[in-house]
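Asker: Mind having a look at this structure? Questions to follow.
The values are calculated or read from the model by the stated rules, or taken from the named source; none is laboratory data. Keep in mind it's a predicted model, so treat the numbers as computed, not measured. In this analysis, Cβ positions are derived from the backbone assuming ideal geometry, glycine residues included, and neighbour counts consider all displayed protein chains.
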Amino acid sequence: MPESARRRLLGALLAGDEPAADGGRDPDDDGREAAEVAEVAEVAEVAGIMQQRARASGLVIGVVAVLVFPAWTLLDRYLEPGLAPQFLLVRLLALVPMLGCLYLLWRSPLGRRRPELLTLLILVAVQVAICWMVAQVDNTESYASGLSLAIYGCGGVLAASVRWTGMLTAVTWLGLGGAVLLAPRGIPDVDVVAVVFWLTTASVVATVTHAVRHALGSRELTTRVSLLRERERTRALLDRLERLSLEDPLTGLANRRRWDAELAAACAAAPEGGDPVAVVVIDVDHFKQVNDRHGHAGGDAALQEVARLLMDRVRAGDLVARLGGDELAVLLPGADADRAADLAEELRVAVAALELPGFDRGELTLSLGVAAGAGLTPEQLTSRADERLYAAKATRNAVGSPLPGPRAPAEQVDATR
């Protein structure tokens, strides 16, 4: 997404508007769509954080305003003692909408969605009350200077778009104009000029300050969120690369690298006299003929189906791996020879009963070798399983197990050594 589009979208989200749909985007371009979804999520996250900042800063402004504004009645008693009671009433009346907006800002969903608006209303109540007082007093400059405090507060504290300071400034100037026009005794020109000078300075300084502060804050936040998302993408990519380095791409089973590591760990955790560990090594019978008859696509489909069947029948802690070609294996930590032989026979029967498109029933069979024990090295355990696998392949569709007795189509291969 271009930077200009990102800025427009961020502005729309901060303003509470729904971002417009991009009618020019190619709907079939999945890659670009995914990228734009990520960009929108990033911008939305930035907007959400900025709304939180706006609410927090608005609460600060609101609390200060409701505490300071009535306290200025002390100045009224000093500058305009005759009007002080009337001004106190005005200040207390202004507190009603100020406290209402502050409560909404603090407790309501509106305060989370539109904190800038509620903060603006609090400050507008202050400015309207001051403008009314300006029209009543002789000390015009002293009271009019209070108008700049709200403008400075908005421009220097509120974490939101600069337009909110612009709106407060506009309301203030309108209020001051009304005070000048409606003052019962009129306001001397020299006082008007002084007030205009000071208020103009305050408006410019506050607006520029707000614009610079908001731009820097937005840039800092956008950069931080981008870095965090980039870190997440990098972590996800590393996780995916690690998974790919340990996973067979065709079947989704563990690959030889993971098998060797897991087998070594399982054997190390099964010392002599402790819990046993078992392995079942598996060959797909006549797999070359399967490839010749059904093509490599058919052979791949057969391997994938066998892999799925194996995964469906093992325990959560067991590991199924593709060691290469049509050679598969199952690692069974904590399993003895009986458990491993039972699983091997279950797998043999299930594969022989598979009905695959284009395959004859019973065309796909397995030969399996079983070994189990404790205190064995990975090489010893694998060697014993391989010996029993070779014995099973003498008849095909059979299980080579350390347990004697019939198990295969005719009998289980007794490969004890």
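Asker: Of everything in segment 159-174 that's within 32 Å of the chain's Cα centre (by Cα) and assigned to a helix (DSSP H, G or I), which residue is surrounded by the fewest Cβ atoms within 10 Å (Cβ to Cβ)?
Answerer: Checking each candidate, the answer is Arg163.
Asker: Does Leu105 count as closer than 16 Å to Trp164 by Cβ, modelled with pLDDT under 55 and not basic (Lys, Arg)?
Answerer: No.
Asker: Being assigned by TED's automatic domain parsing to the domain that holds Thr395, of a type outside the set (S, T, N, Q) and modelled with pLDDT of 95 or more: is that true of Ala278 here? Even if it seems obvious, please write down each step before you answer.
Answerer: Values: assigned by TED's automatic domain parsing to the domain that holds Thr395: yes; of a type outside the set (S, T, N, Q): yes; modelled with pLDDT of 95 or more: yes.
Considered against the rule, which asks whether it is assigned by TED's automatic domain parsing to the domain that holds Thr395, of a type outside the set (S, T, N, Q) and modelled with pLDDT of 95 or more, Ala278 comes out as yes.
Asker: Tell me, which strands (runs of 3 or more DSSP E) lie completely within segment 268-382 with 3 or more residues that are under 22 Å from Gly252 (Cα atoms) and of a type in the set (Val, Ile, Thr)?
Answerer: 277-284
Asker: Still on this structure: Which helices (runs of 4 or more DSSP H) sit wholly inside segment 46-158 and have at least 2 residues that are surrounded by fewer than 20 Cβ atoms within 10 Å (Cβ to Cβ) and without any contact (Cβ under 8 Å) to a residue 12 or more places away in the chain?
Answerer: In segment 46-158, 73-79, 84-107, 109-113 are the helices (runs of 4 or more DSSP H) which contain 2 or more residues that are surrounded by fewer than 20 Cβ atoms within 10 Å (Cβ to Cβ) and without any contact (Cβ under 8 Å) to a residue 12 or more places away in the chain.
Asker: Looking at segment 249-267, can you tell me whether even one residue there is surrounded by 11 or more Cβ atoms within 10 Å (Cβ to Cβ), of a type in the set (Gly, Ala, Ser) and touching a Lys or Arg at 6+ places or on another chain (Cβ under 7 Å)? If you could, list the steps in order and put the result at the bottom.
Answerer: Taking segment 249-267 first, the residues surrounded by 11 or more Cβ atoms within 10 Å (Cβ to Cβ) are 250-267.
This time we only want the ones that are of a type in the set (Gly, Ala, Ser), so: 252, 254, 261, 264-266.
Now restrict to residues that are touching a Lys or Arg at 6+ places or on another chain (Cβ under 7 Å): none.
Within segment 249-267, none of the residues are surrounded by 11 or more Cβ atoms within 10 Å (Cβ to Cβ), of a type in the set (Gly, Ala, Ser) and touching a Lys or Arg at 6+ places or on another chain (Cβ under 7 Å).
Asker: Name every residue in segment 316-336 that is within 18 Å of Val349 (Cα to Cα) and not acidic (Asp, Glu), in order of residue number.
Answerer: Val320, Leu328, Ala329, Val330
Asker: Also: Being at pLDDT 95 or above and either farther than 11 Å from Val277 by Cα or outside the structural domain of Ala261 (by TED's automatic domain parsing) (or both) narrows it down to one residue among Ala329, Ala353; which is it?
Answerer: Ala329
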